[in-house]
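*Asks:* The structure's right below; bear with me while I get my questions together.
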Amino acid sequence: MKEMTQIQDVSRFDRIIDRYERSEESLLAILQDFQREFHYVPEEGIRRLSEVMGVPASKIYAMGTFYKALSLTPRGRHTIKVCTGTACHLKGAPQILETLERELRVKRNGTTEDGEFTLECVNCVGACAMAPVTLVDEVYHGKTRPSKVMDIVRKQVEG
Amino acid sequence: MGVINSIEQLEEYRRELAATAKPDLPTVLVCFGTGCQANGSRLVANAFMEIIKEQGLQVDVNIGIKTTGCHGYCENGPLVALRPQDILYLKVKPEDVPEIVEESVKGGRIVERLVYRDKVTDEIVPRYSEIPFYKHQLRIALRHIGTIDPTSIDDYILAGGYAGLAKALRMEPEDIISEVERSGLRGRGGAGFPTGTKWRSCAAVDSDVRYVMCNGDEGDPGAFMDRSIMEGDPHAVIEGMIIGAYAVGSRQGYIYVRDEYPLAIRNLTTAIEAAREKGLLGENILGTGFSFDIKISRGGGAFVCGESSALMRSVEGNVGEPRAKYIRSVERGLYNKPTVLNNVETWANVPEIILKGAEWYASMGTEGSKGTKVFSLVGKVNNTGLVEVPMGISIRELVENIGGGVLGGKKFKAVQTGGPSGGCIPERLADLPIDFDSLTEAGSMMGSGGIIVMDEDTCMVDVAKYFTGFLVEESCGKCTPCRDGLPRIYDLLTEVTEGRGREEHLDMLEELCDLLTWGALCGLGTSAANPVLSTVKYFRDEYEAHIRDKKCPAGVCKALITYSIDPEACTGCRLCAKNCPQNCITGKRKEAHVIDTSKCIKCGVCKDVCAFDAVRIS
Ligand SMILES: Cc1cc2nc3c(=O)[nH]c(=O)nc-3n(C[C@H](O)[C@H](O)[C@H](O)COP(=O)(O)O)c2cc1C
Ligand code: SF4
Ligand code: SF4
Ligand code: SF4
Ligand code: FES
């Protein structure tokens, strides 16, 4: 909850908005920067963006739900992405995903109760030669095995 | 040099660069493509930097982001290339670096254990250009990848970059268009539409404003050539677009890049800025009076945004939904103005075509598909990576000669081409030439050039279900056949894979597919049936095995398989029992173990940890 109050400070949104031209063309890029900065697109951010740009908030919400790179609910502190592209699928991505779902007790595209992990599926991350690929906070891990994937996650997160 | 004011000055600048370049200076090229970085190339680069600094050697270590883009041979990364010796080292670890510096950089000798070794003859192949994976390739779109530093415009100019533009700017726009037409270049983004024809239609529309755009959305979940080009040779795309803009009369361009490609976005941004500084973008390009600039648009992670009308709506700052097909974007595209949209690889070919001529380009490839195509060869194959070959090469040549055959000596079963819009082609048709028309005839598609090799352990029903599932997720839901039909197909396939399929399922599938092909609004829906129809056509027996015998012959579909341990092969090492999340493996040390199938959740852990290959799936 502490984070929420911080976000309400509109200057944090304005700093991002000001990096771009005042044009509808910039909407998606700004929303993506919100996503990067806050790990989701906060409601206050949408309202502020709507105000500054003079675009209906409903339109921005529609973009928020349409584009997969954006999320309207807060994400976990760490994001684990399982590549479910074709090469990874053939080389065992489904088992990696199931293992993570079971061990972290979370469904795909969900966040653990303690807010620690968000588990996502992504399409080909462009490293098919190392399939199956798992990303922990944007660090690539190739040739992941069901028996090893939790060790990889723990090792990286605990440093 | 600051701004280059004329075509002559560009040539002079190139000569200057050549005069100061030291081609004999030893250079260590560490691949910094996504694949090699994941394999640890950053650590290798650091090790080189350190040792070279320590010893004060005269080596220009091309490292960091300053290194090269992806060589395409990611399977064997981190890759280190040495010039001028033309040596390629594979799977280099930081520990190997002192030896490479001592032996090769200083001593000119080869470190044998790090070079390519032929799997059959066991001979070593130290030369980059002699390795079978590269030897059979003909690189045009990938011409600079792995050899130049993508963040250096000087590197690009030195390698002959912007010479195509210089030539184009001396031509009439009309002549450029006919050159591209005569080259036979067809769009590399999927549909294979003739590029010259597209440009001509756009130029013919009466309008004060025109746009040129580059499609770098690369949605096919098994292809990464566009990523590699944008990361490894961004100026090739930019140069192509400037030529296209001059030909059709456009002043503003856009590159739409997939959000998951941060390195591509970074390298393109750097390249655009460098081109502006040199006067190759912006007002009065090379003093010719022609003005053009490029903006980058980041995608939002939606596959359908790769479709042309959806992409344009997305750039405008809207939800990326496709619109009715009868509106042609060459007439009414971005902001309703005439627009040329081409794929990354298409654009990268343009400068070479202008420079070397239509006849040169058209001399490669087949009757209907000219030039070369980049394929991403992945899946169950020994050498995976990016491969550029002339159109018309057979599937078998690609898989066997370049790909080095199927992984682990397993049986080659099929290739999937064209991503979610394509289909599966069985091994018995592997002599088929790969070109736009042959693949379409066989019920698949060229698509973006993903070639996924499948072996006996790949279940074709599962593959069809996989692609359908992908498309269900990605459908924008605007039209009914796709919104409602696709999930229905997915459900039917799920029933088949779970052993609840009935004989009628196959007919029902075919009917639904038909509906989709004719009724959907955009290409996502109209081609969505291909993965299903092609597998039903070529692998009907596999569907029947699931339906009649309730068996998955490839041992993939979870509901139809059981795990067991072969008592002959099991050594009783207990490793599986220790790792099984269900604790359902029992047995005494040094005695054969047994799985309690009533508790087994088929997680695959036991098979994964067993060093004796004793776990069986049936
Ligand atoms: C659902 C869908 C997704 C597409 N995705 C891409 C893509 O990711 N990249 C691409 O270049 N073309 C894609 N296309 C094809 C584009 O609509 C368009 O034909 C292409 O960018 C034109 O460029 P080209 O003529 O150079 O191939 C897609 C088409 C459809 C129907
Ligand atoms: S075919 Fe599918 S993706 Fe295309 S417009 Fe219709 S619902 Fe949307
Ligand atoms: S890991 Fe393999 S060899 Fe060891 S007990 Fe299990 S099945 Fe037997
Ligand atoms: S598949 Fe998983 S649950 Fe089943 S026996 Fe093996 S390790 Fe245990
Ligand atoms: S399919 Fe996973 S990296 Fe390409």
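*Asks:* Is it possible to state the helix-based mean residue ellipticity at 222 nm for chain B, with each DSSP H run of 4+ residues giving -39500 (n - 2.57), the sum divided by total residues, to the nearest 500 deg cm²/dmol? What is it?
*Replies:* That calculation yields -10000 deg cm²/dmol at 222 nm.
*Asks:* Given Cα pairs under 8 Å that are at least 6 residues apart, what percent is the relative contact order of chain B?
*Replies:* Once divided by the residue count of chain B, the mean separation gives 11 percent.
*Asks:* Listed highest first by mean packing, meaning other Cβ atoms within 10 Å per residue, what order do B:495-506, B:250-261, B:266-277 come in?
*Replies:* B:250-261, B:266-277, B:495-506
*Asks:* If you don't mind, there's one more thing I want to ask. What dipole magnitude, in Debye to the nearest 20, does the stretch B:250-297 give about its Cα centre under +1 on Lys/Arg Cβ and -1 on Asp/Glu Cβ?
*Replies:* That gives the stretch B:250-297 a dipole magnitude of about 60 debye.
*Asks:* Among B:340-348, A:145-153, what's the highest-first ranking by average C-beta atoms within 10 angstrom per residue?
*Replies:* B:340-348, A:145-153
*Asks:* Which order results if B:Ile52, A:Ile96 are arranged by neighbouring Cβ count within 10 Å, fewest first?
*Replies:* B:Ile52, A:Ile96
*Asks:* Show me the ranking of peptides B:519-525, B:551-557, B:579-585 by mean Cβ neighbours inside 10 Å, starting with the highest.
*Replies:* The peptides rank, most packed first, as B:519-525, B:551-557, B:579-585.
*Asks:* What Kirkwood hydrodynamic radius, in Å, does the stretch B:378-461 give when the mean of 1/r is taken over all pairs of distinct Cα atoms and then inverted?
*Replies:* Hydrodynamic radius (Kirkwood, Cα only) of the stretch B:378-461 equals 12.5 Å.
*Asks:* Sort B:Phe612, A:Phe38, B:Phe467 by Cβ crowding within 10 Å, fewest neighbours at the top.
*Replies:* Exposure proxy ranking, most exposed first: B:Phe612, A:Phe38, B:Phe467.
*Asks:* So, in Å, what gap is there between the alpha-carbon centers of the stretch B:330-401 and the stretch B:568-618?
*Replies:* 48 Å
*Asks:* Mind jotting down the distance between the C-alpha centroids of the stretch B:509-533 and the stretch B:166-228, whole Å?
*Replies:* Between the Cα centres of the stretch B:166-228 and the stretch B:509-533 lies a distance of 28 Å.
*Asks:* Taking square-rooted eigenvalues a ≥ b ≥ c of the alpha carbon gyration tensor, is chain B rounded, prolate or oblate, where a/c under 1.5 means rounded and, failing that, a/b exceeding b/c means prolate?
*Replies:* It is oblate, given that a/c is not under 1.5 and a/b is not larger than b/c.
*Asks:* So who's got an amide H within less than 5 Å of the one on B:Glu388, skipping anything under 5 residues away but keeping other chains? H placed 1.01 Å off N, in plane.
*Replies:* Distant-sequence amide H within range of B:Glu388: B:Leu138, B:Phe375.
*Asks:* Could you tell me the center-to-center distance, by alpha carbons, between the stretch A:27-84 and the stretch B:234-273 in angstrom?
*Replies:* If we compute the Cα centre of each part, the gap is 26 Å.
*Asks:* Using only atoms on other chains, find how many Cβ atoms lie within 10 Å of each Cβ of peptide B:295-307 and report the average.
*Replies:* 4
*Asks:* Residue by residue through the stretch A:147-152, which ³J(HN,Hα) values in whole Hz follow from phi under the Karplus form 6.51 cos²θ - 1.76 cosθ + 1.60 (θ = phi - 60°), with glycine and proline marked x?
*Replies:* Per-residue couplings from phi come out as 6, 10, 4, 5, 4, 4 Hz.
*Asks:* Sticking with this structure for a sec: Pull the list of chain A cysteines that no other Cys approaches to under 4.7 Å, Cβ to Cβ.
*Replies:* A:Cys121, A:Cys124, A:Cys128, each lacking another Cys Cβ under 4.7 Å.
*Asks:* Please order B:Lys106, A:Lys59 by the number of other Cβ within 10 Å, starting at the fewest.
*Replies:* With the fewest neighbours first, B:Lys106, A:Lys59 line up as B:Lys106, A:Lys59.
*Asks:* Mind listing the long-range amide H neighbours of A:Val122? Cut-off is under 5 Å, sequence gap 5 or more, other chains count too, H placed in the peptide plane at 1.01 Å from N.
*Replies:* Answer set, sorted by chain and number: A:Val82, A:Cys83, A:Thr84.
*Asks:* Per residue of the stretch B:431-448, what does 6.51 cos²θ - 1.76 cosθ + 1.60 with θ = phi - 60° give for ³J(HN,Hα)? Whole Hz please, x for Gly and Pro, Karplus curve as stated.
*Replies:* So the J values, rounded to whole Hz, are 8, 4, x, 8, 8, 3, 6, 5, 5, 4, 4, 7, x, 10, 7, 5, x, 8.
*Asks:* Let me know the shape class of the stretch B:447-590, please: from the alpha-carbon gyration tensor, a ≥ b ≥ c as square roots of the eigenvalues, rounded when a/c is under 1.5, otherwise prolate if a/b is greater than b/c, or oblate.
*Replies:* In terms of gyration-tensor shape, prolate.
*Asks:* Of all the C-alpha pairs in the protein assembly as shown, what % are more than 36 Å from each other?
*Replies:* Tail fraction, whole percent: 46.
*Asks:* Output wanted: per-residue J couplings in Hz (rounded whole) for the stretch B:405-416, from phi through Karplus 6.51 cos²θ - 1.76 cosθ + 1.60, θ = phi - 60°, x for Gly and Pro.
*Replies:* Once θ is set to phi - 60°, the couplings for the stretch B:405-416 become x, 6, 4, x, x, 6, 7, 5, 10, 6, 10, 10 Hz.
*Asks:* Still on this structure, I have one more. In peptide B:530-541, how many Cβ atoms from other protein chains are near each Cβ within 10 Å, on average?
*Replies:* If you average over the peptide's residues, the count of other-chain Cβ atoms is 0.
*Asks:* Using only the Cα atoms of the stretch B:153-362, build the gyration tensor, take square roots of its eigenvalues as a ≥ b ≥ c, and label the shape rounded, prolate or oblate: rounded if a/c is under 1.5, else prolate if a/b is larger than b/c, else oblate.
*Replies:* Rounded is the answer for the stretch B:153-362, as its axis ratio a/c remains below 1.5.
*Asks:* Partner chain Cβ atoms within 10 Å, averaged over the residues of B:220-227 - can you pull that number for me?
*Replies:* Rounded to a whole number, the mean comes out at 6.
*Asks:* Between B:Asp220 and residues 5 or more places away or on another chain, which pairs have amide H atoms under 5 Å apart, with H built 1.01 Å from N, and which residues are they?
*Replies:* Counting only residues 5 or more places away or on other chains, the set is empty.
Taken together, the values in this text are just the output of simple stated rules run on the coordinates, not laboratory data. Treat the numbers as computed from the prediction; the structure is a model and nothing was measured. Positions of Cβ are generated from backbone atoms using ideal geometry, with glycine treated the same way; all protein chains shown enter the neighbour counts.
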